[in-house]
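The structure appears below as structure tokens.
The values are calculated or read from the model by the stated rules, or taken from the named source; none is laboratory data. These numbers come from a predicted model, not from an experiment. Don't worry about glycine lacking a Cβ; one is built from the backbone with ideal geometry, like all the others, and counts go over all protein chains shown.
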Amino acid sequence: MATDGTISTQLEVKGQFLTIDQELPIGVVATRAGVSVSALRFYEDRGLVASTRSGGGHRHYSRGVLRRLAFIQVAQRVGLSLDDIGLALASLPEEGPTAKDWAVLSAS
């Protein structure tokens with residue numbers, strides 16, 4: 001919270017400020033999702049999540065990847081294979097799934 005009582009749109013990550021619309025570095029995503037960096041790379045190799053690369057080749061992820069990772073974790077816990085999870089995630093719209101899209105997917 002800002003000192004004037006308003007909510008800030010910035011987040012400090014190890015001395016670096018991120019605005020709400022910025023992509024997150026791989027380490028931040030891994031920590032927030034509770035997965036290892038190597039698992040995140042593995043999911044990307046399998047096509048379950050996507051990243052963009054910085055000029056130096058560092059991976060950055062949109063905030064929407066956190067919901068995808070949560071879905072992957074829950075789906076694995078209930079016994080779905082990564083192939084089944086990939087098919088389910090492929091049914092989501094490219095432009096960013098809505099809450100309704102996630103609800104439909106979860107119900108199926």
Problem - Residue tally, condition under 15 Å from the mean Cα position of the chain (by Cα) and not in a helix (DSSP H, G or I), over region 54-67 - result: 6
Fill in the blank from the handout: Of the residues in region 73-89 that are among the aliphatic types (A, V, I, L, M) and outside any loop (DSSP other than H, G, I, E, B), the one that is nearest to residue 39 (Cα to Cα) is 82
Handout entry: Some residue of region 22-34 being of a type in the set (Ser, Thr, Tyr), at negative phi and modelled with pLDDT of 90 or more
Key = yes
Exercise for the section: Would you point out the residue of region 67-79, among those that are surrounded by fewer than 16 Cβ atoms within 10 Å (Cβ to Cβ) and of a type in the set (A, V, I, L, M, F, W, C), that is farthest from residue 26 (Cα to Cα)? Expected result: 78
Handout entry: Single condition residue 39 does not satisfy, out of (1) at pLDDT 55 or above; (2) exposed (fewer than 14 other Cβ atoms within 10 Å of the Cβ); (3) not acidic (Asp, Glu)
Key = (2)
Exercise for the section: Check whether at least one residue in region 56-66 is loosely packed, with under 14 Cβ neighbours inside 10 Å, modelled with pLDDT under 95 and of a type in the set (Ser, Thr, Tyr), and report yes or no. Expected result: no
Problem - Test for residue 92: is it touching an Asp or Glu at 6+ places or on another chain (Cβ under 6 Å), buried (at least 16 other Cβ atoms within 10 Å of the Cβ) and either modelled with pLDDT under 95 or in a strand (DSSP E or B) (or both) - result: yes
Practice task
Specify which of the listed residues (30, 50, 70) is part of a loop (DSSP other than H, G, I, E, B), under 24 Å from residue 99 (Cα atoms), without any contact (Cβ under 8 Å) to a residue 60 or more places away in the chain and within 10 Å of the chain's Cα centre (by Cα).
Solution key: 50
Exercise for the section: Kindly establish whether residue 105 is surrounded by 13 or more Cβ atoms within 10 Å (Cβ to Cβ), in a helix (DSSP H, G or I) and at pLDDT below 85. Expected result: yes
